[in-house]
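Notes to accompany the following structure.
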Amino acid sequence: MPHYGRMLSWQTLNTLVETVAAVAVAWFAGATWRGDNRKKRQRVTEVESRISTIAFQLRRQLRSWLRDDSRSVSPLTIWLEQHKGDHGQHLDVAERRLEEMANLAGEASAAVATRVRMAFVLFLGGTRRLTQFASTSRPRDKTEFDYDRLPVDAEKDLRACIAALEDGVIDAELLTADRELDEIRTAEDPFRQLAEAILRRQIDRR
């Protein structure tokens with residue numbers, strides 16, 4: 001009987017050790033999984049922060065191309081006229097920014113990655129039309145209408161590209177701050193204030 005009791009105690013001890021070992025392995029696996037998830041979330045945050053910064057820079061660049069708004073002429077036509085000798089360099093800078101964003105998008109969340117891809121496709125479509133318009137002469141046949149549409153359609157693509165960047169790619173607080181600065185710049189623009197004053201006087205005279 002004593003021998004049987006010692007055997008039972010030894011089996012119980014073995015079972016206890018195995019149980020403790022299993023619990024330890026499970027805890028270690030869980031801790032490793034939680035640690036990996038934490039690192040992954042941290043990496044996603046870092047990547048999306050970098051994408052947001054690049055997207056913000058690209059947005060400002062594209063908006064500068066579309067700044068001169070005229071009822072009769074596309075702002076891109078005006079921009080091309082102002083940058084006859086170096087518009088290709090501006091396009092290259094913008095494309096490199098989008099390429100960097102696209103390379104980072106694989107480590108971003110699905111929503112951000114989708115918006116980056118949308119922006120890339122829209123940008124390529126817009127700049128393709130813009131390059132075609134800048135590199136060819138205006139035809140004098142029935143295709144002249146299609147030629148005249150190129151900067152207009154390019155503008156639509158680039159504005160849609162900006163909208164895609166603003167929709168979840170660029171940090172919301174950064175966008176808000178930039179829009180507030182735009183309002184301040186507009187308010188402090190003396191030429192705009194003068195134009196508005198003249199317009200108000202004309203309306204009052206009527």
Diffing the range 160-171: the Karplus 3J(HN,Hα) column from phi (6.51, -1.76, 1.60, θ = phi - 60°), in whole Hz with x for Gly and Pro, holds 5, 4, 4, 4, 5, 5, 6, 8, x, 8, 7, 4
For the range 117-177, alpha-carbon Rg and Dmax in angstrom = 15.0, 50
Taking neighbour Cβ counts within 10 Å as the exposure measure, how do Ser49, Ser137 sort from fewest upward?
-> Ser137, Ser49
Lysines whose Cα lies under 28 Å from that of Lys156, excluding same-chain neighbours fewer than 8 positions away = Lys84, Lys142
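Quick one: order Trp65, Trp79 by neighbouring beta-carbon count within 10 Å, fewest to most.
Values: Trp65 23, Trp79 19.
Result, fewest neighbours first: Trp79, Trp65.
What list do you get for Leu122, Leu158 if you sort them by fewest beta carbons within 10 Å? It would help to have the intermediate numbers written out before the result.
Details: Leu122 21, Leu158 25.
Fewest-to-most Cβ neighbours within 10 Å comes out as Leu122, Leu158.
Using just the Cα positions, wrap the range 48-169 in a convex hull and report its mean projected area in square nanometres, one decimal place. The partial results should precede the final answer.
Working: hull surface 30.1 nm².
Convex hull of Cα atoms, orientation-averaged projection: 7.5 nm².
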Simple SL model, points at 7 angstrom along Cα→Cβ for Lys156 and Ala172; separation in nm is 3.1 nm
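Mind checking the full-extension length gain between Arg41 and Gln57? Use 0.36 nm per residue of separation minus the Cα-Cα distance, one decimal, nm. Provide the component values of the computation, followed by the final result.
Values: separation 16, 0.36 × 16 = 5.76 nm, distance 2.45 nm.
Between Arg41 and Gln57, full extension yields 3.3 nm more.
Let me know the charge dipole size of the range 48-169 about its Cα centre in debye, to the nearest 20, where only the beta-carbon of Lys, Arg (+1) and Asp, Glu (-1) is charged. Present the calculation step by step, with values, prior to reporting the outcome.
On the way: 19 positive and 19 negative charges, 28 e Å.
The dipole of the range 48-169 has a size of about 140 debye.
Pull out the extension gain between His83 and Glu100, defined as 0.36 nm times the separation in residues minus the alpha carbon to alpha carbon distance; nm, one decimal.
Values: separation 17, 0.36 × 17 = 6.12 nm, distance 2.47 nm.
Net length gain for the segment: 3.7 nm.
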Extension gain, Ala110 back to Asp182 (0.36 nm per residue minus Cα-Cα distance, nm) = 22.8 nm
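Every number here is computed from the coordinates shown, using simple stated rules; none is lab data. Because the structure is a prediction, the values reported are computed rather than measured. No Cβ is skipped: glycine too gets one built from the backbone with ideal geometry, and neighbour counts run over all protein chains shown.
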